[in-house]
1. Mind jotting down the three principal axis lengths of segment 279-387 based on Cα atoms? Whole angstrom, largest first.
2. What order do Val359, Val425 take when sorted by accessible area (1.4 Å probe), most exposed first?
3. Within the set of other residues whose C-beta is less than 15 Å from the C-beta of Gly166, count the net charge using Lys and Arg as +1 and Asp and Glu as -1.
4. What is the set of long-range amide H partners of Lys338 at a cut-off below 5 Å, with H atoms built 1.01 Å from backbone N?
5. Quick one: order Arg270, Arg286 from most to least accessible surface, probe 1.4 Å.
6. Among the listed pairs Lys38/Lys115; Lys277/Lys368; Lys38/Lys148, give every one whose C-alpha distance is greater than 24 Å.
7. Can you pull the semi-axes for the chain, root of five times each eigenvalue of the Cα gyration tensor, sorted largest first, whole Å?
8. Could you please put Lys383, Lys198, Lys361 in sequence from largest to smallest accessible area, using a 1.4 Å probe?
Amino acid sequence: MGLDKAKSLLEVSDGNSFLDLIAKQVGSMKTAHGVDVKFMLMNSFSTSADTLEALAKYPELGTGADLEFVQNKAPKVTKSDLTPAAWPAQPGHEWCPPGHGDLYPAMLGSGTLDKLLSKGFKYMFVSNSDNLGATMDLKLLSYFAQCKAPFMMEVAARTDADKKGGHLAKDKTTGGLLLRESAQCPDEDEKAFQDVSKYTYFNTNNLWVDLVALKAIFDKHGGSIPLPVMTNDKTVDPRDKKSTKVLQLETAMGAAISCFDGAAAVLIPRSRFAPVKTTNDLLALRSDAYTLTEDFRITLAPERAGVPPNIKLDGRYKFVDAMETVIPEGAPSLIGCKSLAVEGEVAFAKGVVFKGCVVVKNSGEGLKTLQAGTYGSSDSDEKVVIELATKAPTMDEVWPAYEAKMKAEGLTSAAVAAFKYNLGVLVSGASTMIPESAIAPVETLPALESLT
């Protein structure tokens, strides 16, 4: 998303960032349950300072090592020869986070796991900071404790909007559950991977972990946890596509489901899943398709019936600063929108409402603004394509230059008048074609030899 700060510091709703809402969620949980719910962040080496500074206004959450542990960093691998990537201009680009699967070794290496166990903590609930629908739920905690599973994944029903995300599956060899991410899917299996009728559940990354069982996994494997490895193709400088091609070796925390014997999964409503992975997600989240609950969760509006709008912005808007140029006066209304695609350089004026399936297209050069109004229909799945046409110039705008040019050339007033008429036809947009529908054949004419 082209961020130069932690994603959790992005504004989401009413001036609140992700972190603001998380802090308020924790406060709400403590009040509701009457207990001191322990809260911790796993930060990356690039987000720690920013997030701790932002959370300083919530001292009740804790400080320092009581509030965070830091994710490890991993060297980027040069794709051509597998040597450590070098980028002297910005050495920081030589490193990357090793994926959120590093949650487990980071907890072990920082001493956090042993500290929690020594204080009597047995169960841990984990969720992404960009998923404001996920809170510690007593019903789920009770179920997890009663079923005695060492690990439990919250899954939701897949829709077309989720077809590119990791899905739950069963290992044919062991019979256990596993998570398959898109990076682990061979090209020839992509169609099956995206078949939401075949693989019907996706991982929300809301996870429940038995800390005693997690410690046992580490002890069994000599201090490591055998998570599946994914390779991601990148460039060493993310914003410079001509920089050295590298591989980032990553793991996913949900993939731990295959490491625990007896791991379980539970189907949850969409209200517990409102993540932001792309600017498409962020645009939807800032719209009225989502609502802020009294306990500071972001959930889909009831009118959405559990299905988020499917947003697809032009590739030029994959970074947040670029996306915000599309909505200079706030997000459009998407509560009745099934899908929205934006093609070309476009901005939405205040008061734009989308319904049904809409494509907004600017095929020309320069920014075009879609004015306030309602576009599309909730009664049809047919795509409504809105072409933002370039404003045609007027004769008053273009004629003076031609008039001066022709007079300077010494052309007669008749020549000038003739060209002015011809140019006027062009500028007016009038068709210069003669269609078949406007004519008829000439039947007879007088012949020369018949003339007297």
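1. Projected onto its principal axes, the Cα set of segment 279-387 covers 45, 33, 22 Å.
2. Sorted by accessible area, descending: Val425, Val359.
3. Here the charged neighbours net out to -1.
4. Amide H neighbours of Lys338: Gly356, Cys357.
5. Details: Arg270 30, Arg286 65 Å².
Reading off the accessible areas and sorting them downward yields Arg286, Arg270.
6. Lys277/Lys368
7. Those come to 58, 25, 24 Å.
8. Working: Lys383 140, Lys198 120, Lys361 55 Å².
Greatest to least solvent exposure: Lys383, Lys198, Lys361.
The values are calculated or read from the model by the stated rules, or taken from the named source; none is laboratory data. Bear in mind the structure is a predicted one, so any value in this text is a computation, not a measurement. For neighbour counting, all protein chains shown are included, and Cβ atoms are generated from backbone atoms with ideal geometry for every residue, glycine included. Areas reflect the complete protein model, heavy atoms only, side chains present, ligands, DNA and RNA absent. Shrake-Rupley method; radii C 1.70, N 1.55, O 1.52, S 1.80 Å.
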